[in-house]
Structures are given as structure tokens and as C-alpha cells.
Amino acid sequence: MQQHISWPTGNFLEGEALGESAQFQRRQEHPSNWDLRQERRDPLPFQGDEVPDPNGVHPPLAWTLIWRGSYSNLYGYYVQDIIRRWGYVMWHATRLDYTGAKELLARQWKADWGDTDPRDNLL
């Protein structure tokens, strides 16, 4: 029964729903407006931790850092566990600065992707 409800490692999403293949296939078969924004590299700058307009777009600083201030809807496989484990998108800008986490994020991202952008692999 266990094999039908979860992977031995505890992942309940069968078929690697967050994996590279599933994301690639979805983008090929059912591209969304978000995928088009990503393809165009629409600007997505950090606008501060305060959210005066709840209908506006206010990405966390860490998200804008790894995607260089442009739109990305990649997740799961593309942002490795070493980064996700410390909850990088939950940290406010001040905390990222004073703890040195911005530099840690940059090092961890570069260790995984080097100078490449994983979005380029989707084009």
C-alpha cells in the first residue's frame, strides 16, 4: 500500500509533478500567460517587503535575485533543495542583507547553475 501513496523518501506527488519533465511537458502542451511572461523575460523587480497594494506583484527579494529581476515561474527541480531548505523566499530584505544570506544564495545558485539561466533550456 505504501508504494501507492508515497515514495520511500516521503514525496506524495507521484510522477515527479514538480520535476523537470513534468514542467517541460506542461509548457509544451498547455503554455500559460505566465510561461509567455517568462519567455519574454518580463521585468519582475523587487519593490520592497511592504505590500501596499494586495493586487500588485511583490516578489520576495531572494526570488528576484536568482532570476535577475525578470519573470520566472520555474520551481521544484529548478530551485535545488539546498536553497529551498532554508526557506529563501520567506526572508525579508533586511534579514537577507544583515545575515549574509544574499551572498549564500548567490553561491548556492552559482554552484548549481553556474553562469547559465535554466530558463534558457526551455526555449
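Can you name the condition, by its number, that TYR75 falls short on among (1) loosely packed, with under 12 Cβ neighbours inside 10 Å; (2) more than 20 Å from VAL57 (Cβ to Cβ)?
The number of the failed condition is (2).
Of the numbered conditions (1) closer than 19 Å to ALA101 by Cβ; (2) in a helix (DSSP H, G or I), ARG27 satisfies every one except a single condition; which is it?
If we test ARG27 against (1) closer than 19 Å to ALA101 by Cβ; (2) in a helix (DSSP H, G or I), just (1) comes out false.
For region 78-94, state whether one or more residues are farther than 17 Å from PRO45 by Cβ, surrounded by 13 or more Cβ atoms within 10 Å (Cβ to Cβ) and among the small types (Gly, Ala, Ser).
no
Just to check your reading of the model, which residue among ASP49, ASP35, ASP42, ASP53 is exposed (fewer than 15 other Cβ atoms within 10 Å of the Cβ) and touching a helix residue (DSSP H, G or I) at 6+ places or on another chain (Cβ under 8 Å)?
The unique qualifying residue is ASP49.
When you check ARG37 against the structure, is it modelled with pLDDT of 95 or more and either over 21 Å from ASN121 (Cα atoms) or assigned to a helix (DSSP H, G or I) (or both), yes or no?
no
Within region 91-109, is even one residue under 21 Å from SER21 (Cβ atoms) and either among the basic types (Lys, Arg) or in a helix (DSSP H, G or I) (or both)?
No: zero hits.
What number of residues within region 64-85 satisfy the criterion of being within 19 Å of LYS102 (Cβ to Cβ) and in contact with a Leu (Cβ under 8 Å, 6 or more places away or on another chain)?
8
Hey, among ASP97, ASP112, ASP120, ASP81, which residue is modelled with pLDDT of 95 or more and not hydrophobic (A, V, I, L, M, F, W, C)?
Exactly one residue qualifies, and that residue is ASP97.
Are there any pairs with C-beta distances below 7 angstrom linking a residue in region 30-57 that is without any contact (Cβ under 8 Å) to a residue 40 or more places away in the chain and under 25 Å from ASP97 (Cα atoms) to a residue that is surrounded by 12 or more Cβ atoms within 10 Å (Cβ to Cβ) and of a type in the set (Ser, Thr, Tyr), with the two at least 6 apart or on different chains, and if so which?
The qualifying pairs are PRO43/SER70; LEU44/THR64; LEU44/SER70; LEU44/TYR71; PRO45/THR64.
Yes or no: LEU74 closer than 22 Å to GLN47 by Cβ, in a helix (DSSP H, G or I) and of a type in the set (A, V, I, L, M)?
Judged against the criteria, LEU74 is not a match.
Is at least one residue of region 56-66 modelled with pLDDT of 90 or more, in contact with a Pro (Cβ under 7 Å, 6 or more places away or on another chain) and part of a helix (DSSP H, G or I)?
yes
Exactly one of these conditions fails for SER21: (1) outside any loop (DSSP other than H, G, I, E, B); (2) modelled with pLDDT of 90 or more; (3) over 15 Å from the mean Cα position of the chain (by Cα); (4) not β-branched (Val, Ile, Thr). Give me its number.
(2)
The values are calculated or read from the model by the stated rules, or taken from the named source; none is laboratory data. The structure displayed is predicted, hence computed values, not measured ones. Ideal geometry is used to build each Cβ from the backbone, glycine not excepted, and the neighbour counts take in all protein chains shown.
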